[in-house]
Amino acid sequence: MGWDGLVGLDTDADSVVESVLRARLALAVQERGLLDVAYRTVDTPVGEMLLAATEIGVLRLAFAVEGFDQVLDTLARKVSPRVLRAPARLDRLAFEVEEYLTGSRHSFDLPLDLTLTTGFRREVVRHLPEIPYGGTATYTEVAALAGSPRAVRAVGTACAKNPLPLVVPCHRVVRSDGTTGQYAGGTAAKRWLLDLEAAS
């Protein structure tokens, strides 16, 4: 066996040991009530995603293009510095995301933690689930739903800053001319999600 093979074996062994130690640490921290934000990453048809939750509920879903390090830094600053990778805490969310992305789930059943959104943005986020699966609404229509018909641009910002894409379906908000508009995960991901829902 060559040197490369030995390095590969050591690396694999290290990664297994690290995974076990990380899992033990996460469990110990959780048992002592020291874990405020748990997170994990999952591979999806629209790219790798980061999932995060608190004891209150689902806190954040992020696409890789948003930069996971930046997302975690924001969680540490705005929510709590006690952020730890604890995949088991997010098993249910990961399962629901998988079901949604295969077309077998049309809505999410988990409680939400809206700590990361305030003011008018929170009002928009509260109304986005009213857009039915497979349907769309314009930014103008969502502004009216949120009680501020002239705040079309602010709706666009609220959708762009939505901390819970997929779970709170900002991808269903489109421009008045029918084009998709911008999306935190990229326009290709938004189109993919709309096509998924249209075909289900």
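The values are calculated or read from the model by the stated rules, or taken from the named source; none is laboratory data. Nothing here was measured: the structure is a model prediction, and the numbers come from that model. Heads up, the Cβs are rebuilt from the backbone with ideal geometry, glycines too, and the neighbour counts pull from every protein chain shown. Accessible surface is based on the protein model in full, side chains and every heavy atom, while ligands, DNA and RNA are left aside. Shrake-Rupley method; radii C 1.70, N 1.55, O 1.52, S 1.80 Å.
Quick one: which of Arg82, Arg153 is under 23 Å from Arg191 (Cα atoms) and without any contact (Cβ under 8 Å) to a residue 60 or more places away in the chain? Step by step, each of Arg82, Arg153 is checked, and only Arg153 is under 23 Å from Arg191 (Cα atoms) and without any contact (Cβ under 8 Å) to a residue 60 or more places away in the chain.
Residue-level check: of (1) open to solvent by 50 Å² or more (accessible area, probe 1.4 Å); (2) modelled with pLDDT of 95 or more, Leu194 misses just (1).
Counting only residues that are within 19 Å of the chain's Cα centre (by Cα), part of a loop (DSSP other than H, G, I, E, B) and of a type in the set (Gly, Ala, Ser), the stretch 182-200 holds 3 of them.
Would you confirm whether or not the stretch 79-100 contains a residue that is basic (Lys, Arg), at pLDDT 95 or above and farther than 18 Å from Ala52 by Cα? Talk me through it step by step, then tell me what you get.
Taking the stretch 79-100 and keeping what is basic (Lys, Arg), we get 82, 85, 89, 92.
Now restrict to residues that are at pLDDT 95 or above: 92.
With farther than 18 Å from Ala52 by Cα added as a condition, the list becomes none.
Looking through the stretch 79-100, none of the residues is basic (Lys, Arg), at pLDDT 95 or above and farther than 18 Å from Ala52 by Cα.
Can you spot a residue in the stretch 179-196 that is more than 21 Å from Pro45 (Cα to Cα) and touching a Gly at 6+ places or on another chain (Cβ under 8 Å)? Reasoning before the result, please.
Step one: list which residues in the stretch 179-196 are more than 21 Å from Pro45 (Cα to Cα), which gives 179.
Then keep just the ones that are touching a Gly at 6+ places or on another chain (Cβ under 8 Å); that gives none.
No, the stretch 179-196 contains no residue that is more than 21 Å from Pro45 (Cα to Cα) and touching a Gly at 6+ places or on another chain (Cβ under 8 Å).
Within the stretch 37-89, the residues that satisfy the criterion of being of a type in the set (D, E, K, R) and either open to solvent by 50 Å² or more (accessible area, probe 1.4 Å) or farther than 23 Å from Ser107 by Cβ (or both) are Asp43, Glu48, Glu55, Glu66, Asp69, Asp73, Arg77, Lys78, Arg82, Arg85, Arg89.
Ala26 meets the conditions (1) open to solvent by 40 Å² or more (accessible area, probe 1.4 Å); (2) at pLDDT below 95 in every case but one. The failed one is (1).
Across the stretch 105-123, the number of residues qualifying as free of Cβ contacts under 8 Å to residues at least 60 places away in the same chain and either surrounded by fewer than 17 Cβ atoms within 10 Å (Cβ to Cβ) or polar (S, T, N, Q) (or both) comes to 9.
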